[in-house]
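The values are calculated or read from the model by the stated rules, or taken from the named source; none is laboratory data. From a predicted model like this one, the values you see are computed outputs, not experimental measurements. Note that each Cβ is placed from the backbone with ideal geometry, even for glycine, and that neighbours are counted across all protein chains shown. These area figures cover heavy atoms from the full protein model, side chains too; ligands, DNA and RNA do not enter into them. Shrake-Rupley method; radii C 1.70, N 1.55, O 1.52, S 1.80 Å.
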Amino acid sequence: MTTIQDDRRVDFSDHFVLSSGTVAVDLERGLVLLLFYRPTGEYLLPKGRKNVGETLEAAAERETWEESGYTCRLFRHSLPTRAPQPTTTPHTEPIAVQQRFSQGILKIIFWYLALVDSSDRQAVETQEEGEDFEVRWVRREDAPSTMSFVDDQEIVERALRAVPCRLRGLPQSISPIRDWFLDSSVDAQALGFLCIFLGGSLVYGQLDIENPQEMGDLTDWDGFGIVERKEDIVRLINVSKSKLCALLRIEKEECPQMKLPEHSQLHMGWDVLRFSGWTKQGSKRTIKIWSKTSFCQVVSQPFPSYLGVISYKVVRFTRRDHPTLGPRLFIYQPTRATEQLHVLHDFDFLAVPEPDSISSTKGHSYKAISPGVSCDLFVTSLCVFEHEPGVMASFKARILQKWQLLSGADELESIVPLFCRGTSFGHSYSHEIRTQISEIEARHSEDARRSRTSMQGTLGQQSSLVSAKDASGHSMGYRGLYLLPLQWRASAFCPEIGLFPQGEQLCPTVCGIQNEDTVLAISHFSSNSTGSYAEILTSDRLDWQKVYIKSADSVPDELAALPLVQYYFPRENVQVLAAAQPDLQRIFFQRFIGETLNDTRLRYHYDKGSANGDATEKTCFSDEWFINLELCRARDALAVYLRSFGRAHLSNACPQQRIHKFFHHRLVGNRRLRQFYGEGFPQFFAQTDHGTMSLEAFSDLPMVINGRRYQNLRHHLNRALVVLDPNRIGGLNSLPTAFGMGDGHGGNVMISKEQGAPSILYVDYEVAGTHTPFLDLAKPIYQDGFFSVAYADLLHDDLTHTSERDGVGIKWRVEEGTIFVDYDLALQTLSKGVAVIKLEYLLRPMLEELEKIASSLRETPEETLAYSLFSCALLTRDYSMRPDVFFLNLAVGIRLATEIRKVFLDLFDWYNWAPCHSDTQGALQPAIGGVTSKTWHQESQNTSTSLDLSCSTHSYTRPHSITTLVDLIASPWGAKNG
């Protein structure tokens, strides 16, 4: 009921609702969180009704989280308000009130200004039924005009006036910053701190600190602390965490359940702790804590040293810009340490040696030495606490002296352009940091001289970093990718995964089907099934479920494998079974909105660099986006391999393993080649001068590939039939097994289309089971790593002219009883990154595991992988209508079967085979008239393109090799053939 009289109005509780919403801003990145409502195409702000007993402020934060999946905190602003007792002190009062009338109901909306971090992990499935919002991060200058309604535009404009556009400047004194960062009532020294530093955007020149009272809630704060021992770090978190939060003014922790492992073995896996949380006002506070003991050990080593950072937040790569070498991306694979924590694999310095120093006995000389992530923050931070004068300068002096030793620089000041955010330093801060470094150099010059003298004697014997090739700049923005070594032994953690599945899985029955769509188009990347969407009613539920229906003769196998897939892989990454009809060869999975990874990658290939296309996808999909996803896939696969490798009770008899249907079964009687290319005359020969040649005759012809002679196709088919025979004693069936997908390439990985960290769903369990991982890896390596080869027919209309974009080209001819093939193949950064992630973070660890339990079999896996890759090249896809693509895959496949190591080096710059696999062990038959793997490698060491990436498994105090990728774009027909 509503009463209106003159300028007064009364609405009773059943005729109005109170709502709250936010204008949520990411200050550091200059972005505003908007919601795109899919049904109407409108851009809105997050809001919703408050619950009974809930405050308006709490409702605003909750509704933002429910509708967007992002946590926000109200922002203290200085906009004028008519609230009682207004002061100049920043407050969190509403910035606006909206009134809306609908069907006689008054809706009052209170709008608040909030802070949000767009880099945070987005929560999923937070929206209520009927809500269909998609988060869009919009630049602040574009946000008002993007809003669909005029009053919403005015609210956003008003909110952004209260937020500083660009934060810059440097304080004349550090004390105001210290007082805002640390609570002086908490004794930092009593907590064990020797010194505390503050860095990040706050001191790099991106904040206006003329009035320090206004800056405390505006930005993220990045600190760095030093304590005496690692045990002090453990005690700080496990015993005194509340006091640490009080010191940093943290009221909400990033990981409230954080507890550091106290087992001494797990201590070996990390050196630095990352701890983070939010203040009452929503300011993000992060601090890294390093022990003096570990610090002294690291700085005393005359080579780049490993630093494990234990953290709740997962980061998998870091960008470093070099004044002359350009931008580079360093990639590392985090290790899971506990249920909530991971170890991020950092180095004190990220170094790239000169190519000519690889084979030198005098040690490496470096052409690029940049501070690692932790040391960069450490050196560029300003001291806000030290328990005695000079401690900070002493620590910084030692780390800078090490950099000068490794780099050979004449002056310490030349490190400044190498800092991560060096280009964004304000003038005042740049002057400050240069002055500080100059003072350290003058004060500690004699110590530096003695340090160089003592270290130079061991430099040549200890350094083991590897070289990188120079490359011209390219559209992808990186001059090189570098994979840091895997540290999976030091702090391996396996979460509880329940009881091993026994017996058949009970499956609900289908009681009804409605709204079944037309059969979906068969994907280029998986053609052994058909699918459709529908809604079903099952025996175990009362409501209709949206499902994906898969129809295939492999449904019984998939149902049998599903319990093991759910047992080993993260549940959230496995399809949810809704029902099955085995007799009709149909299986029903809960519907997942997305597309295959390979479809996304194919679309990315076409859209990249295009002026057209959806701006959101251009932001979402990037090389880094795909690399992050590949690292997640490698993490999951390796965890399953290690958990199941060599467990005899899991193994099926080798001949019964379903994976052989994709390899040996296709080789028997050349059935797959005959299926693709016919019994008599291959169709594509009709397009050449040899239309009368049969497949049998073609297989008998010797081959010359890029000027080198190789055995004919029949030889390799026969050899593959032997190597991949599951019944052969002492061969494939002698290798230890592990659980794997069997067909785990990117065509069988579904991903969501949302921005941020992608949702991953592993699909198609037709051949999932226990088998050797060296067979399991074949399809992912070839179809994902050799994507430009396997799917060249989808990427290019004609390969007879080298693509300037991808450096792919092919020429072939048959004359004088010989097949001649010449091809160019210069892979782009993404393809190299995908391949080397699989080689470095999957293949190499499994070779090392094999050496531990069955060293006598070390020759078998390399040949197994070589011929399974050969089979993938020729027996996976039908190229009968594309002779250019057939000859490209034929040439690459035969080279893989013959000289797999050289192909991996030529295409991916990878030669980091496990140390037990020396050049004389597991070497395949060399190309006819060619050189052996060992001889070729010795010769290659004398060239500037060599990469000797072999290294032994070290503890965290030893140097490690860095696998190098450089995106070399080949000029048409003039570049080095791959």
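Observations on the model:
- Members of the range 46-69 that are more than 17 Å from Ala123 (Cβ to Cβ), part of a loop (DSSP other than H, G, I, E, B) and touching a Ser or Thr at 6+ places or on another chain (Cβ under 7 Å): Lys50
- Pair list, Cβ under 7 Å, 6 or more apart: the range 576-596 residue touching a residue at least 24 places away in the same chain (Cβ under 8 Å), other residue acidic (Asp, Glu): Gln585/Asp553; Ile587/Glu558
- Selection status of Gly646, modelled with pLDDT under 80 and closer than 27 Å to Leu850 by Cα: yes
- Qualifying residues in the range 72-99 (those that are in a strand (DSSP E or B) and either open to solvent by 80 Å² or more (accessible area, probe 1.4 Å) or hydroxyl-bearing (Ser, Thr, Tyr) (or both)) - the one nearest to Gln281 (Cα to Cα): Val97
- The set of residues in the range 309-343 that are crowded, with 17+ Cβ neighbours inside 10 Å and acidic (Asp, Glu) contains only Asp321.
- Residue list for the range 437-457, restricted to those being open to solvent by 30 Å² or more (accessible area, probe 1.4 Å) and at pLDDT 70 or above: Ser438, Glu439, Glu441, Ala442
The rows are residues; the columns are (1) outside any strand (DSSP E or B); (2) open to solvent by less than 20 Å² (accessible area, probe 1.4 Å); (3) in contact (Cβ under 8 Å) with a residue 60 or more places away in the chain.
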| site | (1), (2), (3) |
| --- | --- |
| Glu696 | yes, no, no |
| Arg709 | no, no, yes |
| His716 | yes, yes, yes |
| Pro726 | yes, yes, yes |
| Asp743 | yes, yes, yes |
| Gly747 | yes, yes, yes |
| Leu761 | no, yes, yes |
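- Qualifying residues in the range 39-70 (those that are among the basic types (Lys, Arg) and touching a strand residue (DSSP E or B) at 6+ places or on another chain (Cβ under 6 Å)) - the one farthest from Gly282 (Cα to Cα): Arg49
- Residue list for the range 506-547, restricted to those being modelled with pLDDT under 90 and of a type in the set (Phe, Trp, Tyr): Phe525, Tyr533
- Residue in the range 267-284 that is basic (Lys, Arg), closer than 16 Å to Phe224 by Cβ, in contact with a helix residue (DSSP H, G or I) (Cβ under 8 Å, 6 or more places away or on another chain) and at pLDDT below 95 present: no
- Filtered residues of the range 849-906 (kept if part of a helix (DSSP H, G or I) and among the basic types (Lys, Arg)): Lys852, Arg895, Arg901, Lys902
- Pair list, Cβ < 7 Å and 6+ apart or interchain, from the range 242-255 residues that are in contact (Cβ under 8 Å) with a residue 12 or more places away in the chain to residues that are buried (at least 16 other Cβ atoms within 10 Å of the Cβ) and part of a helix (DSSP H, G or I): Leu244/Leu236; Glu253/Cys245
- The range 728-741: number of residues that are in contact with a Phe, Trp or Tyr (Cβ under 8 Å, 6 or more places away or on another chain), in a loop (DSSP other than H, G, I, E, B) and hydrophobic (A, V, I, L, M, F, W, C): 2
- Number of residues in the range 531-542 that are farther than 19 Å from Thr596 by Cβ and open to solvent by 10 Å² or more (accessible area, probe 1.4 Å) equals 6.
- Selection status of Gln783, in contact (Cβ under 8 Å) with a residue 60 or more places away in the chain, under 14 Å from Arg601 (Cα atoms) and open to solvent by 20 Å² or more (accessible area, probe 1.4 Å): no
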